[in-house]
1. β-branched (Val, Ile, Thr), in contact (Cβ under 8 Å) with a residue 60 or more places away in the chain, in the same structural domain as Arg78 (by TED's automatic domain parsing) and not in a helix (DSSP H, G or I), is that true of Thr126?
2. Pick from segment 172-201 the residues that are under 26 Å from the mean Cα position of the chain (by Cα) and of a type outside the set (A, V, I, L, M, F, W, C): which of them is nearest to Ala134 (Cα to Cα)?
3. Please go through segment 1-49 and give me each residue that is in contact with a helix residue (DSSP H, G or I) (Cβ under 6 Å, 6 or more places away or on another chain) and among the polar types (S, T, N, Q), ordered by number.
4. Would you check if there is a residue in segment 321-335 being among the β-branched types (Val, Ile, Thr) and surrounded by fewer than 24 Cβ atoms within 10 Å (Cβ to Cβ)?
5. Any chance you could count how many residues in segment 27-79 are without any contact (Cβ under 8 Å) to a residue 24 or more places away in the chain, among the small types (Gly, Ala, Ser) and in a helix (DSSP H, G or I)?
6. When the residues of segment 336-382 are narrowed to those that are in contact with an Asp or Glu (Cβ under 9 Å, 6 or more places away or on another chain) and not in a helix (DSSP H, G or I), which ends up surrounded by the most Cβ atoms within 10 Å (Cβ to Cβ)?
Amino acid sequence: MLIQVTARERWLYSLINFGNIITMQAFSAYVLFFYVDVRHLPAPWAAAVMTLYGIWNAVNNPIVGYLSDRTRSRWGRRIPYIRYSAIPLAIFFLLVWLAPFDGREQPVALLAYFAPVIFVWEGLLTALITPYYALLPEMFTTYRERTLVALQMNLMQILALIAGMALPPLIYSRLGWPAMGALFAVLALVTWVVGVRGLFERPEYAEASLPLVQALRATFTNRAFITAVIAQTLRFFGTNILTTGMAFYAKYSLHADESVTSLLFAMVFVTAIPFLFFWRWVSHRLEPRGTLMLAYLLTGVAALGLLVARSETIYQAAGVAAVLGAGVAGLILMGEVILCDVVDDDELRTGCRREGMYFGMSAFINTFSQSLAAVVFGLVTSAYGYNSALALQPPSVEMGFRVFMSIPTFVGMLLAVLSLVFYPLHGEHLRQLRAAMAQRHG
């Protein structure tokens, strides 16, 4: 059944992503600082909780995706998760920043508060986000629609990233942490409540589902999914390297103050915004596979510039950050779009729409990029003599962070390109797939 998608529905769908990202960014950037430095939770305890949190985050994505694939209700498969997670999710985001205990006097009580609150918050976030992304290929069935809404989603994402990184210090330093949590919770809740008004589901997509074992087998024997998700994981490995190392790079390789870290991130984000439009133009000429391969190459080559940017001035590093932003725009634009083709291809193979399983399993596999980036961080910093206990680092550390920021990122992006060499949904195969889908659902 053909349902025409309106501009209003595209923008309302995209608006939800602002609430998703602004809360995720504020949490990831400041939660450890708040609990360890402000509330004085012992750092090893906090690290242990966050390690378990990462495992929980990885596991619950495919679980929620699979459950949403099999949900049958008069409100649909995905929309109930989004609608009924929004209010408790906003409440638990606020609770994250309302910790009533001081770790110097009541460390066990603070730990007992910290762990369950963030675990429930993350579970609710997954219950909203995984069905949200699963709606992308269902609501928007043509390639042109998908690239357009991906552009709009990622405009919201970049604005949310900037706000989630820059605004919290301005708010908590003047009004306190609870005020920051309340403001962000209300802002996110408004985007979720307003955005859900633009969501719809196609009834014919919920006609069948696969049992768990059969669903897992079909997912992990799908060559298109495996090659695409390997490329995505390598992409996240590279971008995790960049975000993890930027402050170290500015301090030890450029010998600059903390404000330069913000400048470099700002160059990445600001440059990415206009390049979203460029990459959408490219995507209609090179298809998802070719567009991503070009964006991976540009990002990897740009990262090599961090190896040689002169420390006497920040202009070279800022220029490299701008080129990185141009490449990253292509990665974030096409990341979900390429999975939409995988879902369509899977429907022709299995007779079922399994967006939840694919987007959930992709999120599960992508979490391993964080661990890989952490391992590389440990190896490189140890090899170049970095020691956090030292007041003055050895001269070799300057080159160490240059190497960390550039070489692993370049290698990760190059391997992502090589993975997509084996991605089958391109050229005539992709044209036949889209023709079959248009005939099936047109």
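1. Numbers: β-branched (Val, Ile, Thr): yes; in contact (Cβ under 8 Å) with a residue 60 or more places away in the chain: yes; in the same structural domain as Arg78 (by TED's automatic domain parsing): yes; not in a helix (DSSP H, G or I): no.
Against the criterion (β-branched (Val, Ile, Thr), in contact (Cβ under 8 Å) with a residue 60 or more places away in the chain, in the same structural domain as Arg78 (by TED's automatic domain parsing) and not in a helix (DSSP H, G or I)), Thr126 does not qualify.
2. Taking the candidates together, the pick is Glu201.
3. The answer is Ser14, Asn17, Asn20, Thr23, Gln25.
4. Going through segment 321-335, the residues among the β-branched types (Val, Ile, Thr) turn out to be 323, 328, 332.
The next check asks that each one be surrounded by fewer than 24 Cβ atoms within 10 Å (Cβ to Cβ); those that pass are 323, 332.
Checking segment 321-335: at least one residue is among the β-branched types (Val, Ile, Thr) and surrounded by fewer than 24 Cβ atoms within 10 Å (Cβ to Cβ).
5. 4
6. Of everything passing the filter in segment 336-382, Arg354 is surrounded by the most Cβ atoms within 10 Å (Cβ to Cβ).
To keep it simple, each residue is scored yes or no on (1) small (Gly, Ala, Ser); (2) at pLDDT below 95; (3) in contact with a Lys or Arg (Cβ under 8 Å, 6 or more places away or on another chain); (4) surrounded by fewer than 21 Cβ atoms within 10 Å (Cβ to Cβ).
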site: Ala228; (1), (2), (3), (4): yes, no, no, no
site: Leu242; (1), (2), (3), (4): no, yes, no, no
site: Tyr249; (1), (2), (3), (4): no, yes, yes, no
site: His255; (1), (2), (3), (4): no, yes, no, yes
site: Val260; (1), (2), (3), (4): no, yes, no, yes
site: Ala266; (1), (2), (3), (4): yes, yes, no, yes
site: Phe278; (1), (2), (3), (4): no, no, no, yes
site: Trp281; (1), (2), (3), (4): no, no, no, yes
site: Leu286; (1), (2), (3), (4): no, yes, no, yes
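Conditions tested, residue by residue: (1) surrounded by fewer than 21 Cβ atoms within 10 Å (Cβ to Cβ); (2) at pLDDT below 95.
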position: Ala115; (1), (2): yes, yes
position: Gly123; (1), (2): yes, yes
position: Leu128; (1), (2): no, no
position: Ala134; (1), (2): no, yes
position: Arg144; (1), (2): yes, yes
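The values are calculated or read from the model by the stated rules, or taken from the named source; none is laboratory data. If you're wondering where the values come from, they're calculated on a predicted model, not measured in any experiment. Neighbour counts are summed over all protein chains in view; Cβ atoms, including those assigned to glycine, are modelled from backbone coordinates with ideal geometry.
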